[in-house]
1. Identify, please: which residue in region 161-192 is out of contact with any His (no Cβ under 8 Å at 6 or more places or on another chain) and touching a residue at least 60 places away in the same chain (Cβ under 8 Å) and is, among those, nearest to residue 224 (Cα to Cα)?
2. Can you tell me which condition residue 143 does not meet? The list is (1) buried (at least 17 other Cβ atoms within 10 Å of the Cβ); (2) in contact with a helix residue (DSSP H, G or I) (Cβ under 7 Å, 6 or more places away or on another chain); (3) modelled with pLDDT under 95, and all the others hold.
3. Output the residue which, of all residues in region 74-112 that are surrounded by 14 or more Cβ atoms within 10 Å (Cβ to Cβ), over 30 Å from residue 133 (Cα atoms) and modelled with pLDDT under 95, is farthest from the chain's Cα centre (by Cα).
4. Taking residue 112 and the conditions (1) touching a helix residue (DSSP H, G or I) at 6+ places or on another chain (Cβ under 6 Å); (2) without any contact (Cβ under 8 Å) to a residue 60 or more places away in the chain, which numbered condition does it fall short on, given that it satisfies the others?
5. Which ones in region 106-165 are under 20 Å from residue 217 (Cβ atoms), out of contact with any Gly (no Cβ under 9 Å at 6 or more places or on another chain) and assigned to a strand (DSSP E or B)?
6. Looking at region 29-73, which of the residues that are of a type outside the set (Lys, Arg) and touching a Ser or Thr at 6+ places or on another chain (Cβ under 9 Å) is surrounded by the fewest Cβ atoms within 10 Å (Cβ to Cβ)?
7. Just to verify a result, which residue in region 122-140, among those that are over 28 Å from the mean Cα position of the chain (by Cα) and either outside the structural domain of residue 219 (by TED's automatic domain parsing) or not polar (S, T, N, Q) (or both), is surrounded by the most Cβ atoms within 10 Å (Cβ to Cβ)?
8. Looking for something outside any strand (DSSP E or B), among the aromatic types (Phe, Trp, Tyr), farther than 29 Å from residue 187 by Cα and modelled with pLDDT under 95 - is there at least one such residue anywhere in region 40-49?
Amino acid sequence: MNNTTTPNSTLFLDAFTDIEHKLKEICHEQYHMGFLELIRKAQSFNKIVRKFSTDLKEFAELRNAIIHTRRENFVIAEPHDDIVNEIGRIRDLLYDPPRVNLLTTVKLFVVSPSTPIIEVLKGIAQRNIMHIPVIENNSLRYLLTAKTLARWMAGNIHETDTLRKAFVADVIPFIEKQDYAVVNNQTDLFEVVELFRNTLKGGMHLQAIIITHDGRPVMPLLGIITASDLPKILGLTGSK
């Protein structure tokens, strides 16, 4: 049992009611719609509902069991502490999901098409980075990656003066535009996980997600999310 005097069944039902209200809000539902129908409708466009849809359906069954076995002074189907904690966690995620602003960000190393490649390589070595935004006219235009540089260098392996004379502009034809996505600083981390997963399903590999104030590729850039951040993100979202 929980450490308070409130029965687990009451805590469970309170959380269930909160979730039901949130589902109605998500679905813009003003009239009566059953809980399972709310889940079906909401999961089509809400990533958190989609992730926990099976749990929510099981909670609905437990809720019915509690209601139907309730007596004047006690409940036969009293939920376990773990169930109460889990439904409370899902409720909290629905109302206040973790967002990208929870991630620690550092000042980005950015370049322009006129930046010498030598300076780019120095920045990679000094900062231990592999993803570099390319800015032009105060907007994000490309994402320069170590993979892109390697592909470009392989094509110029016999040009001994290439590195000394080359600029970022020379590498741009080798950049894959689908390497990155842009989100705003209030984007929830469930969407971030889904962005990475969807590109894998499509046979691509998202290299990075750039964070800006409003999700447009304009300065200032607030941060960058790469695959190395996924363990922390998965921990914050409870994703697998």
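The values are calculated or read from the model by the stated rules, or taken from the named source; none is laboratory data. Treat the numbers as computed from the prediction; the structure is a model and nothing was measured. Quick reminder, even Gly has a Cβ in these numbers, built from the backbone with ideal geometry, and neighbours come from all protein chains shown.
1. So the residue we want is 183.
2. (3)
3. 75
4. (1)
5. Across region 106-165, the qualifying residues are 131, 133, 134, 135, 136, 139, 140, 141, 142, 143, 144, 145.
6. First, the residues of region 29-73 that are of a type outside the set (Lys, Arg): 29-39, 42-46, 48-49, 52-56, 58-62, 64-69, 72-73.
Applying the additional criterion that residues be touching a Ser or Thr at 6+ places or on another chain (Cβ under 9 Å) yields 39, 42-43, 48, 66.
Numbers: 39: 24, 42: 22, 43: 18, 48: 20, 66: 20.
Among residues in region 29-73 that are of a type outside the set (Lys, Arg) and touching a Ser or Thr at 6+ places or on another chain (Cβ under 9 Å), the one surrounded by the fewest Cβ atoms within 10 Å (Cβ to Cβ) is 43.
7. 122
8. Residues of region 40-49 outside any strand (DSSP E or B): 40-49.
Pick out the ones that are also among the aromatic types (Phe, Trp, Tyr) and you get 45.
Now narrow it down to the ones that are farther than 29 Å from residue 187 by Cα: none.
No, every residue in region 40-49 fails to be outside any strand (DSSP E or B), among the aromatic types (Phe, Trp, Tyr), farther than 29 Å from residue 187 by Cα and modelled with pLDDT under 95.
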